[in-house]
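Visitor: Right, I'll just put the structure down here and ask away after.
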Amino acid sequence: MTVIGVITRGKYGHRLIETIKEHSDFSIVTADLPEFVPVFIEEPDEFLDALNFNRQVFSAEIIITYSLHPDLTSAIAKLAAEAGVRSLIVPGGPSRASVPELKKISEASGMDIEVDEICCSLEPNAFNKPFTDLFGSPILEVKTKNGKIADVKVIRGAPCGSTWHMAKEIVGMDIKDAPPRAGLYIQHYPCRATRGDLGGIHESGELHKQAFIRALENEE
């Protein structure tokens, strides 16, 4: 059985744990970080030890870390590489991680490290499968009847669970209104991606809108 590690911090990561439990048969091991940490952490290894951080999380093959802190994320990446973790997925984007440092760790160890602003843009590769067979950039199958959405099956959905929420809510809607409404349902989940004019929550909505359009085009 595939073992997935999830490192949570404050409110971040818990919906992923629930989504994995509900929509897969993966085994999960978790470790927790406090919501509030110093801006700069000179000795992150000592900081983790002082927290009684659950290092059993590094027994996983694939880890998703919501550490959301450059110093902690780099320390976690080093520990993961030493433990033989195959793939480290880092939500939150480059502003929450030292990408050059993570690249060095990846090149030295062979562990795949992916830094994504939003997890619903995550694409499969040889390292992060089978997690990304089920969780990541959305893939849908849609059935229509009498001009309305009759059923939506989630083949691959956002790790936060928003895709499954949208799939339930959109049944019964007129076909022409469904794609933009799909994106809107994602944003109302509520999506915890960053707000602003570009990227973040808007990208999440657009990814699901386009996934819905493709599903309608491919309906059998």
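The values are calculated or read from the model by the stated rules, or taken from the named source; none is laboratory data. Small disclaimer: the values here were computed from a predicted structure and weren't measured. Methodologically, a virtual Cβ is constructed for each residue, glycine included, from the backbone with ideal geometry; neighbour enumeration extends over all protein chains shown.
Visitor: Quick one: would you say Leu102 is assigned by TED's automatic domain parsing to the domain that holds Arg9, outside any strand (DSSP E or B), surrounded by fewer than 22 Cβ atoms within 10 Å (Cβ to Cβ) and not aromatic (Phe, Trp, Tyr)?
Guide: No; evaluated as a whole, the condition is false for this residue.
Visitor: Check Tyr66, Tyr12 and return the single one that is within 21 Å of Gly136 (Cα to Cα) and at pLDDT below 95.
Guide: Tyr12
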